[in-house]
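Working notes, structure below.
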Amino acid sequence: MKSLLHRAWARARKPRALDGLRFDRPLLLFQSDDWGRVGVRDHEGCDALRAAGVPLGESPYDFYSFETADDLTALREVLKGHNDSAGRHPAIVMNFVTANVDFARCLASGGHEISLLPLSEGLPDPWTRPRLFEEYRRGIAEGMFFPALHGLTHFCAKAVARELKTDGERGRLVRKLWSAGTPYIHWRMPWIGYEYWDIEAKSDQYLAVEDQQLAIQQAVGLYQKLFNSTPVSACAPGYRSNANTHKAWFDNGIRVAQNGPGGRQAPFLDRRGMLHTFRTVEMEPAVTPCSLESLIGDAEKCFRSGLPAIVSIHSINFHSTIRDFRTLTLALLDQFLSALEMKWPKMLYVHDADLLCIATEGAYLANGRSISVNEINVSAER
């Protein structure tokens, strides 16, 4: 795979049509955000937040906590039960946040600065997740987890630092959450924005190019410490990315830019040679009810038009510690995969690096052999 991928990167520099790429085989990918990012600290954190006057229960994201080793084991077991026409298991592209708020250091400073703890160094006190990192690595080694980059903080550090300095109601809320071991609850405080996007900036909401370059360079460095490799693919927190983000990604070795849902848009290679992908199926049962029939229908619309079916499924869907989102999600995922395998016997399970190889080489490696996938010409959908 390594040599094929390197050749793909070299060829990707040649500009390709921006109207998108379509293929002669049904391709299924899963892209999943927010791995490695802690949220509400299990039941103890819930109790602490309620005691501090923060009501919980109005949104599923009040129960976003953090994955456990058991959550990952259960996911792997479902994926192991499925194979595509090449005999390969499905793979989940996991977009990792590479650092978390170091609550103890932040509070020791009086709550006036943001200190981070790299994920490669573990979880901030008092968080515990026995065997979690071993399960990450096991899933990667088995080819069912494909790590990718989400960012350094997920939230816009510039926006949070501004409110901590102002020391008003917003800053007090941040410190209240930190005291309970929770970095933020986004829907309750949308003013924190996303890592490269400051929603309350007076001019351009996207951070300056030098700020994005620094954040991405730091995130990639921490990713390398965690996985001993450079990320191939990245998804900006909140899907908020611009040309400066893409340049910084490319300069740091990233070759696939993940974009969010919103219509069935074909992937394309830009003039720099970066592959842009777009999520075309939303499987988010923890947040938005979805039926098996609608999911199958969305995937089949992609297959019939030559598009890869790229499924958006955030990590919250696999969490189980505060509220059990995992059981429903895994049952739905199992049924979804079974239905597509039966109806589309030539379907292939791929991840982002595979898709890059397909887009540039017309083939990728699966189980030690080259699998050819041809590009086709199909009129754009109306």
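Dipole magnitude of the chain about its Cα centre, charges +1 at Lys/Arg Cβ and -1 at Asp/Glu Cβ only, in debye to the nearest 20?
It works out to roughly 1060 debye.
Note on K202: lysines with a C-alpha under 28 Å away, same-chain residues under 8 apart excluded, are K158, K165, K176, K247.
Could you compute the net charge surrounding Y349? Neighbours are other residues with a C-beta less than 10 Å from the C-beta of Y349; K and R count +1, D and E count -1.
On the way: positive: R88; negative: D84, E341, D354.
Neighbour charge sum, excluding Y349 itself: -2.
To the nearest ten degrees, helix 209-227 and the longest principal axis of the Cα atoms of the chain are 80 degrees apart. Ranking L356, M94, T277 by how far each Cα lies toward the positive end of the dipole of the chain (charges on Cβ) leaves L356 at the top. Along segment 166-178 the Karplus relation, 6.51 cos²θ - 1.76 cosθ + 1.60 evaluated at θ = phi - 60°, assigns HN-Hα couplings of 5, 6, x, 4, 5, x, 5, 5, 4, 5, 5, 5, 4 Hz to successive residues, with x for each Gly and Pro. Where both residues lie in the chain, what percent of DSSP beta bridges are antiparallel, nearest 5? Antiparallel bridges: around 35 percent, rounded to the nearest 5.
Each residue of segment 62-73 was assigned a 3J(HN,Hα) from its phi angle through the Karplus expression (A = 6.51, B = -1.76, C = 1.60, θ = phi - 60°), giving 5, 10, 5, 10, 5, 5, 10, 4, 5, 4, 5, 4 Hz with x at Gly and Pro. A DSSP coil position with no more than 16 other Cβ atoms inside 10 Å describes none of the chymotrypsin sites (Phe, Trp or Tyr not before Pro) in segment 106-205. Each residue, E200 and A331, gets one label point 7 Å from its Cα in the Cβ direction; the gap between the two is 4.3 nm. Residues whose amide H falls under 5 Å from that of F278, counting only those 5 or more places apart or on a different chain, are N259, with hydrogens built in the peptide plane. Which Cα, out of M144, A51, A257, lies furthest along the positive dipole direction of the chain (beta carbon charges, K/R +1, D/E -1)? The one lying farthest along the dipole's positive direction is A257.
Under the rule of -39500 (n - 2.57) per DSSP H run of 4 or more residues, summed and divided by the residues of the chain, what mean residue ellipticity at 222 nm is obtained, to the nearest 500 deg cm²/dmol? It lands at -11000 deg cm²/dmol.
Measure nothing fancy, just the Cα-based angle from helix 292-304's long axis to the longest principal axis of the chain, in degrees from 0 to 90, nearest 10. Rounded to the nearest ten degrees, it is 50.
More than 34 angstrom separation, counting every C-alpha pair in the chain; what % is that? Walk me through the numbers on the way to the answer.
Working: 19092 of 72771 pairs.
For the chain, the share of Cα pairs beyond 34 Å comes to 26 percent.
Using alpha carbons only, how many degrees (0 to 90, rounded to 10) separate the axis of helix 2-11 from the longest principal axis of the chain? The answer is roughly 80 degrees. Here the 3J(HN,Hα) profile of segment 50-56, calculated from phi with Karplus coefficients 6.51, -1.76 and 1.60 at θ = phi - 60°, is 5, 5, 8, x, 9, x, 10 Hz, Gly and Pro shown as x. Segment 182-240 and segment 63-115 have Cα centres lying 17 Å from one another. Backbone amide hydrogens, once placed in the peptide plane, bring R37 within less than 5 Å of V97, excluding anything fewer than 5 places away on its chain.
The residues packed around C156, meaning those with a beta-carbon under 12 Å from its beta-carbon, carry a net charge of -2 if Lys and Arg are +1 and Asp and Glu are -1.
Taking amide H positions as modeled 1.01 Å from N, with prolines and chain starts lacking one, the residues under 5 Å from H154 and 5 or more places away or on another chain are E195.
Computed from the coordinates by the stated procedures, all read-outs in this text should not be read as laboratory data. It should be emphasised that the depicted structure is a prediction, and the values quoted were computed from it without experimental measurement. Here the Cβ is made from the backbone with ideal geometry for all residues, glycine too, and neighbour counts use every protein chain on show.
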